[in-house]
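Presented below is the structure to which this report refers.
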Amino acid sequence: MPMTVMTIGFTVLFPLVLASNIMVDPAKMAGGASAQQIGLALAAPIALTVLLAPVTLWLCRRRQRSWYPLT
């Protein structure tokens, strides 16, 4: 239950922190990005996920097998 509450709270607060002016001056948040820059910003996490997700799953499954050697 505490993990659920923390996850819900983080889901609500995370976008607010990024949209606030704590990290960056709001004048610098608006406009100025080209379509190429936006595409690169979207493509980079997708490419990292495609490349690293299989490795992560392989490592997780390998580790689970070592936890349960009789199964």
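Every read-out reported here was derived from the displayed coordinates using simple, explicitly stated rules and does not represent laboratory data. The model shown is predicted, which means the values in this text are computed figures rather than measured ones. So basically every Cβ, Gly included, is an ideal-geometry build from the backbone, and we count neighbours across all protein chains shown.
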Taking Rh as the Kirkwood radius, which is the inverse of the mean 1/r over Cα pairs, what is the Rg/Rh value for the chain?
-> 1.18
Between residue 51 and residue 13, the FRET efficiency computed from the C-beta separation at R0 = 25 Å comes out, to the nearest 0.05, as 0.25
